[in-house]
Amino acid sequence: MQLSHEALLTAYRSMVTIRRFEERVQEEFSKGGIPGFVHLYAGQEASAVGVCSHLGPRDYIASTHRGHGHSIAKGCDVTGMMLELFAKQGGLCGGKGGSMHIADLDQGMLGANGIVGGGPPLVIGAALTAKTLRTGNVAVSFTGDGGSNQGTTFEAMNMAVVLQLPAIFVFENNGYGEYTAASYAVGCHDIAGRAAGFGMPAVKANGDDFFDVHEAAREAIERARGGGGPSAIEVNTCRFYGHHSGDAQLYRGKDEVKRLRDERDCLKHFRRRVTEAGLLDAHQLDEVDTGVANLIEQAVVAARAGEPPQSGALLTDVYVSY
Amino acid sequence: MPVKTMRQALQEALAHEMRRDPTVVIIGEDVSGGAGTEGGRDAAGGVLGVTKGLIKEFGESRVIDTPITESAIMGAAAGAAVTGLRPVAELMFSDFLGVCFDQIFNQAAKFRYMFGGKARTPLVIRTMVGAGRSAAAQHSQSPYHIFTSVPGLKVVVPSNAYDAKGLLIQAIRDDDPVVFCEHKLMYDLRTEVPDEAYTIPFGEANVVREGDDVTVVALARMVHYALDAAEKLGAEGIECEIIDPRTTSPLDEDTILDSVERTGRLVVVDEATPRCSMATDIAALVADRAFSALKAPVRRVTAPHTPVPFAPSLEKLYIPDPDRIAAVVREVHGFVQ
């Protein structure tokens, strides 16, 4: 499918925003400004953006512990996200969720998730809402190769097929579940094949190539919107950082990260592809880069200056009414 | 007023709310039953028939038969609840929380808080509790205290058909996740139940019997055993005040404390196991907030700290009975420092 000039720029902006956001989070985390844990998405941008480019705010996604990229791709406010990571007032969750629970229901973002395999059952619920109320919306579950081994994921896939729900299961295989290779932990070495075994169309996409993910997602999402039921996509991708920020990454091969950054950088691939094809020129892309750098800088300035939640927030929002 | 079983009362509550609100759906294993069979749908209506017949009025899209897949049911219901439906999900036996607790405990219960107050999760989980049918260790427990211990969940433990209907309607209209615990031996108990819809607010205990000597707090089926005990004790000149909290989260602390202030004595009767339970929770509440009123130690009448046995003879020993309750009340009443 030929993407418009505007759509290409939007996709690029979204991917660059994720990359710069994560690089900056790594920097700020190292300086001690961000409490807790962060799991960075850099390297996987083409997956989130390739899929979410087809979604509107009433379509839902559920994410993983590695959720910043999905949040940005789905339209969450970057400053609100940074405030949340810094545990400040005005954060998307008021500083009560943090990196692992970033959510924005108004943007159709059902939350990052601290539980591996926590999201897929929620996604089939969002898909059930869409089907029951005939909204024409879809719901997308982002899961990693690690989450692909969880029983909750299997249950969600089976029920999505049984009830013919408009759900898409995106498995981002970045090669590692925590510190263990996917080639060790995924018994059949074929996540898409396993999804197909549940009775849904399932394909593999190259996560280094935005266009490949975008096309696979288009087919799956159109099928779901048209009442054709669930699909799965295994996106083969890579992460440039560790499982979490500060991970010593003793499990990595020599020069592995350098090689990934040199050979498998989806941003570099995108840039080369669109400039060589004459779809966008380098100047336009550089302008996006500059705009994004400013956006991230502003977000960090706001997050550093922000106030922590008031002590009264400890006790609010447990119930709607009690 | 017509007399109905708790099963009928629950079904009426579901039907009322499904008629009133098109976003109310029922989802679970065999909630109609018979999907894909020669005999066809509505073969069961849940294992004890509470939802039987509803599919005829509301159809397959609102009475949703699922595979045996508790995590997917609970997760789908939670996900549907935050996106615009009002699901009543059935966790057939509360014992099965073991295979799906993450979706209840880490997901549904925490959405509102961890998302900074932006989520509403109008989810009801209907589930069976209780021993007494030799259903053994994995189909007989009463784990409402486990749900009660989770911030973000509300927990309902009705003791009669009238309350069950009003509390279930309240649960469906509530915007928080509610675990609704139905004692499996009480489905055929009858009380007067109005035909129309009505609600009973959460956190308002029912004073089932008034008395000045000993406060007895009892839950679900134990309310009836406490009443049996109180009748015997009344003949001996000991007047029990029996309080049925009806909901364990929120808990009507004031009604319990006010009663103990008057009687100075508390016995808690709970079919659940004794450790970290509603019985210990209520005992702690009174020790903390009404200590000076106490004339005797707080006593708990509970199941032993064991799994539920299969053998009817052992199960009979497991479940608190009116004689045990009466014996403990007598001890408390006769206590001398």
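Miscellaneous remarks
- In a DSSP loop and with at most 11 other Cβ atoms within 10 Å, the trypsin sites (Lys or Arg not before Pro) in segment A:65-168 are A:ARG134.
- For segment A:5-307: rounded, prolate or oblate by the Cα gyration tensor [a/c cutoff 1.5]: rounded
- Candidates A:ASN236, A:ASN173, A:ASN294: whichever shows maximal mean-square fluctuation once chain A is modelled as a Gaussian network with Cα springs under 10 Å: A:ASN294
- Placed amide H near A:VAL235: partners under 5 Å, 5+ positions off or other chain: A:PHE171, A:GLU172, A:ASN173, A:ALA205
- Mean shadow area of segment B:23-182 over all directions, Cα convex hull, nm²: 9.3
- Averaging the Cα positions of each part gives two centres, and for segment A:77-95 and segment B:206-282 these lie 47 Å apart.
- Of A:TYR241, A:TYR12, B:TYR162, the order by accessible heavy-atom surface (1.4 Å probe, DNA, RNA and ligands excluded), from most exposed downward, is B:TYR162, A:TYR241, A:TYR12.
- Centre separation in Å (Cα based) which lies between segment B:157-178 and segment A:207-274: 47
- DSSP finds beta bridges in segment A:5-307, and of those with both partners inside it, around 10 percent are antiparallel.
- Rounded to 10°, Cα long-axis angle of helix B:161-173 versus longest principal axis of chain B: 50
- Normalised by residue count, the protein assembly as shown yields a Cα convex hull volume of 168 Å³ per residue.
- Alpha carbon centroid spacing (whole Å) that separates segment A:5-60 from segment B:82-139: 33
- Helix B:253-263 and the longest principal axis of the C-alpha atoms of chain B enclose an angle of approximately 20°.
- When the alpha carbon gyration tensor of segment B:1-103 is reduced to an equivalent ellipsoid, its three semi-axes come out at 21, 17, 15 angstrom, largest first.
- The portion of the accessible surface of chain B made up by carbon and sulfur, rounded to a whole percent, is 52 (1.4 Å probe; DNA, RNA and ligands excluded).
- Figure legend: label point modelled 7 angstrom from the Cα of B:THR37 along Cα→Cβ; residues of segment B:65-98 with amide N under 15 Å from it are B:65-68.
- DSSP-defined antiparallel bridges as percent of all bridges, the protein assembly as shown, nearest 5: 15
- Between B:THR215 and B:GLU241, B:ARG265, B:LEU266, B:VAL267, the built amide H atoms are under 5 Å apart, and every one of these is 5 or more places off in sequence or on another chain.
- Kirkwood hydrodynamic radius of segment B:206-333, Cα pairs, Å: 14.4
- 5 angstrom amide H check on B:MET128, placed H, neighbours 5+ away: B:PHE93, B:SER94, B:GLU182
- Relative contact order, percent, segment B:206-333 [alpha-carbon distance under 8 Å, six or more residues apart]: 29
- Available extension along the chain between A:ARG261 and A:ALA293 is 9.5 nm, counting 0.36 nm per residue and deducting the alpha carbon span.
- The HN-Hα couplings worked out from phi for segment B:174-183 by the Karplus form 6.51 cos²θ - 1.76 cosθ + 1.60 (θ = phi - 60°) are 6, 8, 10, x, 10, 9, 10, 9, 10, 6 Hz, whole numbers, x standing for Gly and Pro.
- Segment A:GLN284-A:ALA248, extension gain: residue separation times 0.36 nm, minus the distance between their alpha carbons: 9.2 nm
- Neighbourhood net charge (12 Å Cβ-Cβ; Lys/Arg +1, Asp/Glu -1) for A:THR237: -4
- Whole-Hz ³J(HN,Hα) from phi, Karplus 6.51 cos²θ - 1.76 cosθ + 1.60, for segment A:64-69, glycine and proline x: 10, 4, 9, x, 5, x
- Measuring spread by the Cα atoms of segment A:256-317 yields a radius of gyration and Dmax of 19.5, 56 Å.
- Taking θ as phi - 60° and the Karplus parameters 6.51, -1.76 and 1.60, the scalar couplings of segment B:292-301 work out to 5, 7, 6, 9, 7, x, 6, 10, 10, 10 Hz in sequence order, x denoting glycine and proline.
- Label point distance in nm, A:ALA313-A:GLU215, each placed 7 Å from Cα along Cα→Cβ: 4.6
- Choice from A:SER183, A:SER63, A:SER148 with maximal GNM fluctuation in chain A (Cα, 10 Å cutoff): A:SER183
- Mean separation of Cα contacts under 8 Å, 6 or more apart, over the residue count of chain B: relative contact order %: 16
- Alpha-carbon Rg/Rh ratio, for segment A:217-287, with Rh computed the Kirkwood way: 1.13
- Using all pairs of distinct alpha-carbon atoms, the Kirkwood hydrodynamic radius of chain B works out to 20.4 angstrom.
- Antiparallel bridge percentage (DSSP; both residues within chain B; nearest 5): 20
- Rg and Dmax of segment A:1-154, based on Cα coordinates, read 15.2, 48 Å.
- For segment A:9-28, the residues whose amide N sits under 13 Å from a probe point set 7 Å from the Cα of A:ARG273 along the beta carbon direction are A:9, A:11-12, A:15.
- Helix axis angle, B:6-20 relative to chain B longest principal axis, alpha carbon, degrees: 50
- If you take all other residues with their beta carbon under 9 Å from the beta carbon of B:LEU219, and give Lys and Arg +1 and Asp and Glu -1, the sum is -1.
- Qualifying GluC sites (Glu not before Pro) in segment B:154-235, DSSP loop, other Cβ atoms within 10 Å at most 16: B:GLU196, B:GLU204, B:GLU210
- Of B:GLU253, B:GLU12, B:GLU261, B:GLU315, the order by accessible heavy-atom surface (1.4 Å probe, DNA, RNA and ligands excluded), from most exposed downward, is B:GLU261, B:GLU253, B:GLU12, B:GLU315.
- Qualifying chymotrypsin sites (Phe, Trp or Tyr not before Pro) in segment B:29-113, where qualification requires a DSSP coil assignment and no more than 10 other C-beta atoms within 10 Å, are lacking entirely.
- GNM remark for chain A: springs join alpha carbons under 10 Å apart, and the peak mean-square fluctuation among A:GLN89, A:GLN107, A:GLN310 falls on A:GLN310.
- Across chain A, the relative contact order, built from alpha-carbon pairs under 8 Å that are at least six residues apart, equals 22 percent.
- Axial C-alpha extent at least 20 Å, average Kyte-Doolittle at least -1.0 - helices from chain A (DSSP): A:5-31, A:119-133, A:210-225, A:282-305
- The local environment of B:GLU17, defined by Cβ-Cβ distances under 12 Å, has a net charge of +3 under the rule Lys, Arg +1 and Asp, Glu -1.
The values are calculated or read from the model by the stated rules, or taken from the named source; none is laboratory data. Small disclaimer: the values here were computed from a predicted structure and weren't measured. All Cβ positions, glycine included, derive from the backbone under ideal geometry; neighbour counts span all protein chains shown. The accessibility values were calculated without ligands, DNA or RNA, using every heavy atom of the protein model including side chains. Shrake-Rupley method; radii C 1.70, N 1.55, O 1.52, S 1.80 Å.
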